[in-house]
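The values are calculated or read from the model by the stated rules, or taken from the named source; none is laboratory data. Please read all numbers here as calculations on a predicted model, not as lab measurements. Every residue, glycine among them, receives a Cβ derived from its backbone with ideal geometry; neighbour counts consider all protein chains shown. For the accessible areas, the whole protein counts, side chains as well, though only heavy atoms, and no ligand, DNA or RNA atoms are used. Shrake-Rupley method; radii C 1.70, N 1.55, O 1.52, S 1.80 Å.
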Amino acid sequence: LAILLLINVIYFGVWGLDHSASAWISYVFIHFSFLVVLVAPFLAEKGTQYVMSRNSIYTITSTYFAVEFVIGTIFIVWSPAGYKLPLFSQFAIMIGFVVALFINAIADTYTAQAAERHQDEMVYIRGCSMKLKELLSEVKGKNNYRKIQKLYDLISPARSCATTKSLENQVVRELECLENAVRSENDVLIDASVNKIERLANERNRILQVKN
């Protein structure tokens, strides 16, 4: 802010109001780039769910202002007769800034999606694994123990995708049925739940293998 105030003092106080078109163009671009820096916190706040958003937006906007300040000051001091060179060169800098923001937005979106996908994977793997470990400590009979142990090995690989989300939710729901069956010591219901979970887990793993 102090730098911008100094520019205005020099621009109007020292040089007066009589400036060339190139100087006025540079003056406007410098103030626009400074306005972008002021707006940056709001852009970063909008993207706080993304890992890179806050730091990268501040870096991009600050770099844009620094570059524009240097180039704009040069054109103000030099004040060439024509307007095309300062207009096109500073417009090109602005386009580069917009492209950098766009690339950053794509990278942030990809990062956020990857983080969300990883979170889904961990919820499925850890949730199901903990539930099966609990059931292994409660189940009666070696045969039922082996069946649940087999399910424990099926809750893998530690990956996920949109296609398998429905299957994972079904596995989680069916585990609740298996838990009730184990605690009621109902072998028929245990077999039914184990078979259904095995079918769902195998289908999930098959889809992941195809996509991999």
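Filtering region 65-98 to residues that are under 12 Å from Val28 (Cα atoms) and not hydrophobic (A, V, I, L, M, F, W, C) leaves Glu68, Gly72, Thr73, Pro86, Gln90. Quick test of your reading of the structure: Gly82 fulfils all but one of (1) surrounded by 14 or more Cβ atoms within 10 Å (Cβ to Cβ); (2) not in a helix (DSSP H, G or I). Name the failing condition by number. Every condition holds for Gly82 apart from (1). For region 156-174, the candidate set comprises residues that are touching a Cys at 6+ places or on another chain (Cβ under 9 Å) and either surrounded by fewer than 20 Cβ atoms within 10 Å (Cβ to Cβ) or of a type in the set (Asp, Glu) (or both); within that set, the residue that is modelled with the highest pLDDT is Val172.
The residue of region 180-212 that is modelled with the lowest pLDDT, among those that are over 19 Å from Asn143 (Cα atoms) and surrounded by fewer than 16 Cβ atoms within 10 Å (Cβ to Cβ), is Asn212. Checking the structure you have, find out if any residue of region 88-95 is of a type in the set (Ser, Thr, Tyr), open to solvent by less than 40 Å² (accessible area, probe 1.4 Å) and at pLDDT 90 or above. For region 88-95, residues of a type in the set (Ser, Thr, Tyr), open to solvent by less than 40 Å² (accessible area, probe 1.4 Å) and at pLDDT 90 or above: present.
Do we find that Pro80 is within 29 Å of Ala112 (Cα to Cα) and either at pLDDT 90 or above or of a type outside the set (A, V, I, L, M) (or both) in this structure? No, not satisfied. The sole residue among Asp153, Asp120, Asp108 that is loosely packed, with under 12 Cβ neighbours inside 10 Å, assigned to a helix (DSSP H, G or I) and at pLDDT below 85 is Asp153. Take the residues in region 46-68 that are of a type in the set (Phe, Trp, Tyr) and modelled with pLDDT of 90 or more, then tell me which one is most open to solvent (accessible area, probe 1.4 Å). This residue is Phe65.
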